[in-house]
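Laboratory data are not the source of any read-out in this text; all were calculated from the coordinates shown. For clarity, every value in this text was computed on a predicted model and none was experimentally measured. Here Cβ is always computed from backbone atoms with ideal geometry, including for glycine, and neighbour counts include all displayed protein chains.
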Amino acid sequence: MSRALISVSDKTGIVELARGLTARGYEIVSTGGTARSLIDAGIRVTNVSDVTGFPEMMDGRVKTLHPNVHGGILARRDHPDDLRAIAAHGIQPIDIVVVNLYPFAETARKPGVTFDDLIEQIDIGGPSMVRAAAKNFRDVLVVVHPADYVAVLGEIDRGISAEFRLELMKKAFAHTAEYDSTISTTLAHADRVTLSLEKIRDLRYGENPHQKATWFALDSDGALGANGARGFSRAQILQGKELSYTNLLDLDAAARIVLEFSEPAAAVIKHTNPCGAAIGSSAADAYVRARDADALSAFGGIVGLNRPIDAATAEAIATTFIEAVVAPAVEEGARPILARKANMRVVTAGFDGFRNATVEYRSILGAMLMQERDRVTEADEDWKVVTKRAPTADEWRALRFSWRICAHVKSNTVIFTTDSRTLAIGAGQMSRVDAVNVAVAKAGAAHVSLAGSAAASDAYFPFRDGVDAVAAAGARAIVQPGGSVRDAEAIAAADEHGIAMVFTGRRHFRH
């Protein structure tokens, strides 16, 4: 009888896998909590202590570190000496090893976790078994990801190929490398960071067609949101042409904006800047309002949504030429509608965990930069009204919306909004006045009135001319960080124009 050793921290799908292996003639050997889960599901299990002849010891620290386990994993089936050795000691070969490791990263993220608790989440036996099985991959199938369980059963039915064994071996070594890197980085307090990158696919091209590009998953804790969401490391492409480097940058920019909102939200991106963003009563409503905020620029744009795409949203998207869209999911009824736009890329990914801060990386020539991800706060107690006139209730709502969008526009930026959609965006300019002028010009070209709008600036106005320009455009309220040596001049200008102005005390540059 073939033998499978199963010992997992993440028990997703493990009962179904064990049941499938049992049906295919495998004896299941298991440990601790995994064994209990399988037994409770009615699956016959041989406890690892019956294989080793020793009970689990030291609160489970020692259970699989034994020649009866590792000899069974490492024995090479085409080496007679190996087979004689295990036969002499009564060791049965182990054909499949299914292991994922103690949740060190999850424990490290818990508020108030103690050092001793963290140390106990350093897995010893698990990595040893994974590495042993991966080393002997020609004879032992090593499985570390629940997402591979269905494929494993299918491959057993077909006859396990050498290519499949090699692919799972690569994943296994990436899994242990990521695990060790996370431990090292956490204990070193970021004095040394090791990044483990898993190739997802080659991209259509880079920023330009003559540049090659590749998409990698960032297999480190820095890639995880608070609940383990992996964003574009585990995205699914449902349809469309091959993605390019710039497609992914724009999809990322879209996702970052819509994650700011609990309400249905949509963003339309061009060259990593929003040309329109809105919240609405539904995903379809939010999309239409975001698109129509700058319908000219929306042509060929990238769309982000924070709700699954339903049929109504799909119909709205299908009326516009859109290059790509990212959303948490796509409902079945929406798929044939989206399929009418065969070239449009449709991507789904889980981002909810990224509402909380995680680290992010960026390359420069010969080096890497790491920073905590920027988070937008809108707590009123941190905002200070600095003008004679305070914002009205409607203006407060518009300022909060404007501030959340402004933080995601490339600096320097000044934007104009209502309380639920953008009106005009001046992005990536060399001065605040330039940013205002660009926004005003776009509003004029689109025949959009800025009268009564709210304006947001990602950094302070260094001179009053920026405030004067915002007032001339028709805005009635401004939100900005403050902090200039000439703040008094900006405040005086706002008072002269009867504008309400709020300082947040926090800048949101985005380069």
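The table for this structure:
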item	result
Inter-site label distance for Met58 and Ala393 at 7 Å from Cα along Cβ, in nm	6.5
Ranking of Arg345, Arg3 by count of other Cβ atoms within 10 Å, fewest first	Arg3, Arg345
Quarter of Cα convex hull surface for segment 440-511, i.e. mean projection, nm²	5.0
Residue among Ala134, Leu83, Leu153 farthest towards the positive dipole end of segment 2-187, charges placed on Cβ	Leu83
Fraction of beta bridges assigned by DSSP in the chain that are antiparallel (%, nearest 5)	55
Label-point separation in nm, Ala295 to Asp180, each point 7 Å along Cα→Cβ	5.9
Cβ charges +1 (Lys, Arg) and -1 (Asp, Glu), total dipole of the chain, debye	800
Alpha carbon centroid spacing (whole Å) that separates segment 273-337 from segment 458-511	32
Calculated FRET efficiency for the pair Arg138/Arg158, C-beta based, R₀ 22 Å, to 0.05	0.80
Given Lys199/Lys241; Lys410/Lys442; Lys11/Lys241; Lys341/Lys442, the pairs whose alpha carbons are separated by over 26 Å	Lys11/Lys241; Lys341/Lys442
When each of Lys135/Lys212; Lys270/Lys384; Lys171/Lys212 is checked by Cα-Cα distance, pairs over 30 Å	Lys135/Lys212; Lys270/Lys384
Net charge of neighbours whose Cβ lies under 12 Å from the Cβ of Lys388, counting Lys and Arg as +1 and Asp and Glu as -1	-1
Mean residue ellipticity (222 nm) of the chain, computed from DSSP H runs ≥ 4 via -39,500 (n - 2.57), nearest 500	-11000 deg cm²/dmol
Matching label, mean projected area of the Cα convex hull in nm² computed from the structure shown, candidates (i) 28.4; (ii) 24.0; (iii) 30.8	(i)
